[in-house]
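Q: Sharing a structure below in C-alpha cells format, with a few things to ask.
The values are calculated or read from the model by the stated rules, or taken from the named source; none is laboratory data. Just so it is clear, the model here is predicted, and its values are computed rather than measured. FYI the Cβ positions are ideal-geometry reconstructions off the backbone, even for glycines, and counts take in every protein chain you see. Only protein heavy atoms, including side chains, enter the accessible area calculation; ligands, DNA and RNA are left aside. Shrake-Rupley method; radii C 1.70, N 1.55, O 1.52, S 1.80 Å.
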Amino acid sequence: MARRHPFHPDLAAARFIPRFTFGPRLTRLTNRTKVKVAPTPDDLVIEDVTVPGAVRVRLYRPKGLHTKSPVLLWFHGGGYILGTPEQDEASSTICARDIGITVASVEYRLAPEHPSPAAVEDAYAAFTWLVDNARKLNIDPKRIVVGGLSAGAGLAAALAQFALDNGSARPAFQLLVYPMLDDRTVTRTDLDARHARMWSPASNLYAWSSYLGHAPGLADAPAYAAPARRPDVRGLPPAWLGVGTLDLFHDEGVEYARRLNSSGVECELYVVPGAFHGFDVAFAKAEVTREFRAEQVRALREALLR
C-alpha cells in the first residue's frame, strides 16, 4: 500500500512542485525580474516615498480617510536576499481597502551586498519616519503594527526588539507569517525536509550565510539578526504567528511563540496542518489559504481597531 502524502488536502498538488535552491545565480536572476503590478484601484492612493537613510517605502492608503489611520508596517519575504514591496502589492491593497488602514511596505537592503544590520537599520528608519511624520501622514503613531512574511516576519520581530531597546516609540503588535527567526535551524540534522517546498535547507543555508556574513549556527550572531537568539523577550508587543507543519521554520516559530507567552507577551499561534513554506503564495485561491489570510485580517482588526 502506497504511503499517503502528508500535504493538506487543499495543497495535495504540492507534491508535484519541483525542488529548487536559491544560490547566487538564481538569486540574481530572480532579483532582475520585474514584478508586474495592477493599475492603482480608484479607491486607493499608492505612492513611493524615500525616507531618511534613502529607504523606499511604498504607501497604500484609502481615499477619503478623515480620522487618524492605523498602520501596517510591512516587510516582504525572500530570505533577506530577494524581493521588493511590489511582490506583495495584492495583499497590501486588500489590507488598505478592506480594513481601512495605511500600509507602508519597505524596500530594505538585501544581502549579500548588504548583510546584517542593514535590513534592521532600514526597518527602524521607516518606523521612526512614520512616528515622526504621523500628523502629516494623518496616522496614529500608537497603532503601528509591524508585520511580514518569512524573512520579512523575522525582520518585523527584529524591529520590535530594536525599538524596545533603542527608542521611546514601540510597535503596537507583531504579525508574523511563518517567520525566519533562527539561523541555528541550518545546523539541525534531525529535520525531515522531504516534503519541504518553496524554501529548502540549502536555500536556508545560503540565505543565512549571506545575511550574517559568516556561517550560520555559530556561538554568537549579530544583535537583532536572528530574533530567536534574544535571551529575554519580555516587554515586546503582543503577536500573532502563523506557520505550517511542513514549513522549514515550523519548530523555530512555535518555540518563539512559546517563549513569548512564557515571558508574559501574548502571542496567538496559528498552525496549519500539512502546509509548507509559502503555501499561501503557491496556492493563493485554496480554501486553506483563504482561512489563513482571514485569520491575519482578524488579528489585524483586533489589534488596530479596538
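Q: Can you tell me which residue in the stretch 247-278 is most open to solvent (accessible area, probe 1.4 Å), limited to those that are more than 19 Å from the chain's Cα centre (by Cα) and of a type in the set (Gly, Ala, Ser)?
A: Ranking the candidates gives 262 first.
Q: Looking only at the stretch 18-64, count how many residues are of a type in the set (Lys, Arg), within 30 Å of residue 208 (Cα to Cα) and either modelled with pLDDT of 95 or more or not in a loop (DSSP other than H, G, I, E, B) (or both).
A: Selection size over the stretch 18-64: 5.
Q: Can you work out which of the residues in the stretch 168-222 that are over 17 Å from residue 111 (Cα atoms) and polar (S, T, N, Q) is nearest to the chain's Cα centre (by Cα)?
A: Step by step, filter the stretch 168-222, then rank; the result is 174.
Q: What residue, of 90, 96, is surrounded by fewer than 17 Cβ atoms within 10 Å (Cβ to Cβ), assigned to a helix (DSSP H, G or I) and of a type outside the set (Val, Ile, Thr)? Give the steps one after another, and end with the answer.
A: Values: 96 fails: surrounded by fewer than 17 Cβ atoms within 10 Å (Cβ to Cβ).
It is 90.
Q: Out of 141, 216, 201, report the one residue that is of a type outside the set (Asp, Glu) and within 28 Å of residue 297 (Cα to Cα).
A: On inspection, the qualifying residue turns out to be 141.
Residue-wise test of (1) within 16 Å of the chain's Cα centre (by Cα); (2) open to solvent by 40 Å² or more (accessible area, probe 1.4 Å); (3) closer than 20 Å to residue 199 by Cα.
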position: 237; (1), (2), (3): yes, no, no
position: 245; (1), (2), (3): no, yes, yes
position: 280; (1), (2), (3): yes, no, yes
position: 283; (1), (2), (3): no, yes, yes
position: 287; (1), (2), (3): no, yes, no
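Q: While we're here: Sort out which residues of the stretch 162-208 are of a type in the set (S, T, N, Q) and surrounded by 19 or more Cβ atoms within 10 Å (Cβ to Cβ), and write them in order of number.
A: Within the stretch 162-208, 174, 185, 203, 204 qualify.
Q: Which of the numbered conditions does residue 74 fail, given that it passes all the others? Conditions: (1) crowded, with 22+ Cβ neighbours inside 10 Å; (2) outside any strand (DSSP E or B); (3) in contact with a Ser or Thr (Cβ under 7 Å, 6 or more places away or on another chain).
A: Status for residue 74: all satisfied but (2).
Q: Take the residues in the stretch 209-230 that are within 25 Å of residue 28 (Cβ to Cβ) and in contact with a Lys or Arg (Cβ under 8 Å, 6 or more places away or on another chain); name whichever of them is surrounded by the fewest Cβ atoms within 10 Å (Cβ to Cβ).
A: 216
Q: Looking at the stretch 159-213, which of its residues are assigned to a loop (DSSP other than H, G, I, E, B), among the small types (Gly, Ala, Ser) and out of contact with any strand residue (DSSP E or B) (no Cβ under 7 Å at 6 or more places or on another chain)?
A: 167, 168, 193, 196, 200, 213
Q: Would you call residue 50 of a type in the set (Val, Ile, Thr), out of contact with any helix residue (DSSP H, G or I) (no Cβ under 7 Å at 6 or more places or on another chain) and surrounded by 18 or more Cβ atoms within 10 Å (Cβ to Cβ)?
A: no
Q: If you don't mind, there's one more thing I want to ask. What number goes with the only condition from (1) out of contact with any Leu (no Cβ under 8 Å at 6 or more places or on another chain); (2) touching a residue at least 40 places away in the same chain (Cβ under 8 Å) that residue 78 does not pass?
A: (1)
Q: Out of the residues in the stretch 29-46 that are over 21 Å from the mean Cα position of the chain (by Cα) and charged (D, E, K, R), which is nearest to residue 94 (Cα to Cα)?
A: 43
Q: Do we find a residue being free of Cβ contacts under 8 Å to residues at least 60 places away in the same chain, more than 15 Å from residue 182 (Cα to Cα) and in a loop (DSSP other than H, G, I, E, B) anywhere in the stretch 256-264?
A: yes
Q: In the set 212, 181, which member is over 14 Å from residue 250 (Cα atoms) and not basic (Lys, Arg)?
A: Going through 212, 181 in turn, just one is over 14 Å from residue 250 (Cα atoms) and not basic (Lys, Arg): 212.
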